[in-house]
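What follows is a short report on a single structure.
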Amino acid sequence: MDLQKQIDYWHKGSLSDVDTAGILIEKSKYTEGMFFCHLAIEKILKAVYVKMQSEFAPKSHNLFMLSEKSGISLNDDMEYFFGILMKYQIQGRYPSPSTGGHSKMQILKFLEKTKEAQKWLEKML
C-alpha cells in the first residue's frame, strides 16, 4: 500500500467536502451543508489515521472512534463540536422533520469551526 497516496486521497476529499459544505450553506441547504462538514472532518481523520497507523482507514463514520484509533485527544470543545457533526451526519442519511434547530448564524459558525478543526488535524499529517 502506498501510504502517502492514501493520505493524499483522504486529505484532498476533505478539502473538497468543506468547499461543498460552504456552497450548500450559502444556498440555505443547512442540513446538507452540515453533512458535508461531517464528511470533511471524517476524511481528514482518516488521513491522520493512515499516517499514524500505517494501514487503511476503518470504514466508519464515527468521528470519536476515528479520533481515538488515531491517537487524537479531543478537548471538551472539540468533543462537543464532533457531537454536533455526528447528529448532522445521521440527519443527512436518515432525514426527519427536524434539522437540529440551529440558526443560519450558528451554521455559519459550525462551518468556520469545521475549517479550524480541519487545519488542526492537517498539522498531524
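A few points about this structure:
- Flag if residue 58 is of a type outside the set (A, V, I, L, M, F, W, C) and either touching a residue at least 40 places away in the same chain (Cβ under 8 Å) or in contact with a Cys (Cβ under 7 Å, 6 or more places away or on another chain) (or both): no
- Set 36, 81, 56: member being aromatic (Phe, Trp, Tyr) and assigned to a loop (DSSP other than H, G, I, E, B): 56
Matching residues to (1) at pLDDT below 95; (2) open to solvent by 40 Å² or more (accessible area, probe 1.4 Å); (3) not hydrophobic (A, V, I, L, M, F, W, C):
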residue: 12; (1), (2), (3): no, yes, yes
residue: 22; (1), (2), (3): no, no, yes
residue: 27; (1), (2), (3): no, yes, yes
residue: 38; (1), (2), (3): no, no, yes
residue: 42; (1), (2), (3): no, no, yes
residue: 49; (1), (2), (3): no, no, yes
residue: 57; (1), (2), (3): no, no, no
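- The residues listed here are 81, 35, 64; of these, the one that is touching a residue at least 40 places away in the same chain (Cβ under 8 Å) and among the aromatic types (Phe, Trp, Tyr) is 35.
- Close pairs from the range 4-22: first on the phi > 0 side of the Ramachandran plot, partner buried (at least 18 other Cβ atoms within 10 Å of the Cβ) and not acidic (Asp, Glu), Cβ under 6 Å, at least 6 apart: none
- Checked against the criteria, residue 7 does not count as in a loop (DSSP other than H, G, I, E, B) and either over 27 Å from residue 95 (Cβ atoms) or open to solvent by less than 90 Å² (accessible area, probe 1.4 Å) (or both).
- Odd one out for residue 72 among (1) closer than 21 Å to residue 125 by Cβ; (2) surrounded by 15 or more Cβ atoms within 10 Å (Cβ to Cβ); (3) touching a Gly at 6+ places or on another chain (Cβ under 9 Å): (3)
The values are calculated or read from the model by the stated rules, or taken from the named source; none is laboratory data. Quick caveat, the model's predicted, so the values are computed rather than measured. Cβ sites come from the backbone with ideal geometry, for glycine too, and all protein chains shown count toward neighbours. SASA here: full protein model, heavy atoms, side chains in, ligands and nucleic acids out. Shrake-Rupley method; radii C 1.70, N 1.55, O 1.52, S 1.80 Å.
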